Amino acid sequence: VLLTDLNYLLQCKMLKSLRKILSLRSKYCIKQRNYEHGENSEALSVQFPNCNDCVEENKHCNCDHIVAVEDRKNSTTAEGASVDSNSSFVHSVINMVGMLIGLGQLSTPYAVEKGGWGSALLLIGLGVICAYTSHILGKCLEKNPKLTSYVDIGNQAFGTKGRYLVATFIYMDIFMALVSYTISLHDNLITVFIGTHLKMKFAMLTSSQIIALVAILIALPSLWIRDMSCISFLSTGGIVMSLLVFACVVATAIFGVGEAGNNHSIPVFKLHNIPSISGLYVFCYGGHIVFPDLYKSMKDPSKFTKVSIVSFTIAIAFYTSMGFMGAKMYGNDIQSQITLSMPSNQIITKIALWATVLVPMTKYALEFAPFAIHLEQTLPNSLNGRTKLVIRGCVASFLLLTILVLALSVPYFEHVLSLTGSLLSVAICLVFPCVFYLKIFWGKITRFLLVLNISLVIFGVLLGGMGTISSTKLILQKLISHHST
């Protein structure tokens, strides 16, 4: 049941990407319909019930088809429900928790140790704030049932400029997250294949870089997949691997495997490290871009706030327990990823390492899907399906290799992840929802909510600014130190 629900969530994420593309062309298509087809939109909506199939099959998708989907979507929302609104309360909680739990679990123990156990209050506080911002996103969707995605909310608040600004942040967040995944892949492969020595003629690459390159080449064919169900299956496997890593850490803590039985003390508070670790904490709660899809998929959207409260409570407990377990087990010797601190000669560590290696390899296809679909839609209709597939695959492959080069050039997992959280996740999870809510409900909210949201915007900007400066400074220091040696 869990795998089915997670697979359903990932398909929702794909539909969200498709809706973005369709909405960008909707205005032009409506004009075309009025000029060429008169009042036949309802008939067309019956003739073309689903646009997703054509996108997946790479068929020609004309204006009539897109307008039909828009008309059908508007008609269903006008009736107050969509044919896909079949997710129960429990299913919605499982889906939201599945989105919240991810790469952040590797770095939370490091962040707790470096910031002190008092910094866990920041981790909990940010979880509460992000739960609130998910609530106000639901309020924005409730006010205008025609809104179907995070980008749509930005468009409703600030027009076309808001749409493009939000879309830019989302794609930058995806790109930076993939860089972090690739750094994690590289770091864990070093431990998996410790002692392995490889050489390549005509290439100045270390053994670990060669192994990472081979892993990327193995994952590369997944970028050519156009079947969304296959992509969702791969990503579901990635989520299962993330849960397996957590289970391995828990088992290590309970049974005291290797050196993990030591009960290290955690400092109370390290104020000077807070800016650099705040981005790691924010990154843990990055799932807001998919929350509108969860809202629309619910049988009873009025329970969305309760779903957010329960889901974020589980996520906060998950990350807090993970952070304290890792920090107590390894103390000051904790590395940026908990799997790298586990005793390398234990079977449970090998399981955790391989699970961590497989997670990025299953993520690439899903994360690249929005880019790939948008690219296919922008290509001339005169090109046949095979040509579009080749162009799509080549561009995605080039981007993945670019990400690999960047990851190998800046192999500092904790700092890159912190920069992503401070620069992008803070905006997407904290600042933007509050700004959207203030703009859409301006003049209709109480003074308390007005002050609260303005305060959260200021807090988010300050937190993100300090974290971005701190993370960037640490990355530059690492690069300068590396090149000097």
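Values in this text are rule-based calculations from the coordinates and carry no lab data. As the structure is a prediction and not an experimental result, all values here were calculated from the model. Please note: Cβ atoms are built from the backbone with ideal geometry, for glycine as well, and neighbour counts cover all protein chains shown.
Please compute one quarter of the surface area of the Cα convex hull for region 356-409 and express it in square nanometres.
Working: hull surface 16.8 nm².
For region 356-409, averaging the hull's shadow over all directions gives 4.2 nm².
Taking every pair of distinct Cα atoms and averaging 1/r, then inverting, what Kirkwood hydrodynamic radius in Å comes out for region 124-244?
Its Kirkwood hydrodynamic radius stands at 18.4 Å.
Report the gain in length on full extension from LYS439 to LEU462: 0.36 nm times residue separation, minus Cα-Cα distance, nm rounded to one decimal. Walk me through the numbers on the way to the answer.
On the way: separation 23, 0.36 × 23 = 8.28 nm, distance 2.06 nm.
Difference between extended and current length: 6.2 nm.
Which entries in the list LYS146/LYS306; LYS161/LYS388; LYS363/LYS388; LYS143/LYS444; LYS296/LYS439; LYS143/LYS439 go over 19 Å, if you measure between the two C-alpha atoms of each? The partial results should precede the final answer.
Details: LYS146/LYS306 22 Å; LYS161/LYS388 29 Å; LYS363/LYS388 22 Å; LYS143/LYS444 12 Å; LYS296/LYS439 22 Å; LYS143/LYS439 12 Å.
From LYS146/LYS306; LYS161/LYS388; LYS363/LYS388; LYS143/LYS444; LYS296/LYS439; LYS143/LYS439, over 19 Å: LYS146/LYS306; LYS161/LYS388; LYS363/LYS388; LYS296/LYS439.
Can you tell me the relative contact order of region 359-485? Whole percent, Cα pairs under 8 Å, sequence separation 6 or more.
It rounds to 28 percent for region 359-485.
What number, in percent, do you get for the relative contact order of region 86-227 if the mean sequence gap of Cα pairs under 8 Å and at least 6 apart is divided by its residue count?
Value for region 86-227: 10 percent.
Of all chymotrypsin sites (Phe, Trp or Tyr not before Pro) in region 427-472, which ones are in loop regions per DSSP and have a Cβ with at most 12 other Cβ atoms within 10 Å? Provide the component values of the computation, followed by the final result.
Numbers: sites: PHE436, TYR437, PHE441, TRP442, PHE448, PHE459; in loops: PHE441, TRP442.
Of the chymotrypsin sites (Phe, Trp or Tyr not before Pro), the ones in loops of region 427-472 whose Cβ has at most 12 other Cβ atoms within 10 Å are TRP442.
Along each principal axis of its Cα atoms, how long is region 254-400 end to end? Whole angstroms, biggest number first, please.
66, 45, 33
State, in angstrom, two size descriptors of region 205-341 derived from its alpha carbons: Rg to one decimal place and Dmax to the nearest whole number.
Over region 205-341's Cα set, Rg and Dmax evaluate to 19.3, 55 Å.
For region 314-360, max minus min Cα coordinate along each principal axis, in Å, sorted largest first?
Taking max minus min along each principal axis of the Cα atoms, region 314-360 gives 27, 25, 17 Å.
What is the Cα coordinate range of region 83-173 on the first, second and third principal axes, sorted by size from largest, in whole angstrom?
Projected onto its principal axes, the Cα set of region 83-173 covers 45, 34, 20 Å.
Enter the per residue convex hull volume of region 368-471, computed from alpha-carbon coordinates, in Å³ rounded to the nearest integer.
Here the figure is 128 Å³ per residue.
Order of 102-110, 417-425, 359-367, 165-173 by packing, highest average Cβ count within 10 Å first? Please report the intermediate quantities before stating the final value.
Numbers: 102-110: 26.0, 417-425: 28.7, 359-367: 23.8, 165-173: 18.1.
Ranked from most to least packed, the peptides come out as 417-425, 102-110, 359-367, 165-173.
Could you bin all the Cα-Cα distances of region 321-394 into 10 Å bins starting at 0 and give me the percent of pairs in each, rounded to whole numbers?
16, 29, 17, 16, 16, 6, 0
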